[in-house]
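The values are calculated or read from the model by the stated rules, or taken from the named source; none is laboratory data. All values reported here derive from a predicted model rather than from experimental measurement. Note that we place each Cβ from the backbone using ideal geometry, even for glycine, and neighbour counts take in every protein chain shown. The protein model used for the area step is the full one, side chains on, heavy atoms only, and it has no ligands, DNA or RNA in it. Shrake-Rupley method; radii C 1.70, N 1.55, O 1.52, S 1.80 Å.
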Amino acid sequence: VLPQADTEMAAFLHSELEANNIKHHIGDGLKAFETATTDTGALRVVLNSGVHFDADAVVLCIGVRPDNQLAKDANLDLSPRGLIRVNSYMQTSDPAIYAVGDVVE
């Protein structure tokens with residue numbers, strides 16, 4: 001649900017969604033919105049996988065993948081998710097290179 005968050009936080013959010021009967025479709029892209037087949041004012045959601053359903057509300061959570069190519073080219077240490085590892089001073093594995101923003105761990 002939250003790939004950038006730690007496992008415990010993502011698990012908590014996932015549990016809350018389930019507990020409140022909020023359906024979520026992870027890893028499946030949105031293909032289209034259509035007029036629902038019922039007269040409830042709902043929206044028909046069509047996913048890339050072909051799954052479709054009517055919804056009263058839709059929340060799209062579109063993540064960002066930071067560009068870490070420069071860090072790869074500089075042979076900096078990266079996390080398994082490709083984020084640049086830094087210390088408390090924002091120094092990378094190369095002490096002459098600092099990193100900040102969405103691309104740091």
Can you give me the relative contact order of the chain as a percent, contacts being Cα pairs under 8 Å and 6 or more apart?
13
Contour excess over end-to-end distance, with Cα ends at residue 46 and residue 62 and 0.36 nm allotted per residue:
4.1 nm
Sequence of 79, 88, 49 when ordered by accessible area, the most exposed leading, probe 1.4 angstrom:
88, 49, 79
Just to confirm, what accessible area per residue do you get for the chain at 1.4 Å probe, in whole Å²?
78
Computed [θ] at 222 nm, deg cm²/dmol, the chain (DSSP H ≥ 4; -39,500 (n - 2.57); rounded to nearest 500):
-5000 deg cm²/dmol
Put a dot 7 Å past each Cα toward the Cβ at residue 93 and residue 25; how far apart are the dots in nm?
3.9
At a probe size of 1.4 Å, how large is the accessible area of residue 92, to the nearest 10 Å²?
10
How much of the accessible area of the range 54-105, in percent, comes from carbon and sulfur atoms when a 1.4 Å probe is used?
53
Might you work out the accessible area of residue 44 for me, using a 1.4 Å probe with all protein chains in place, and round it to the nearest 10 Å²?
40
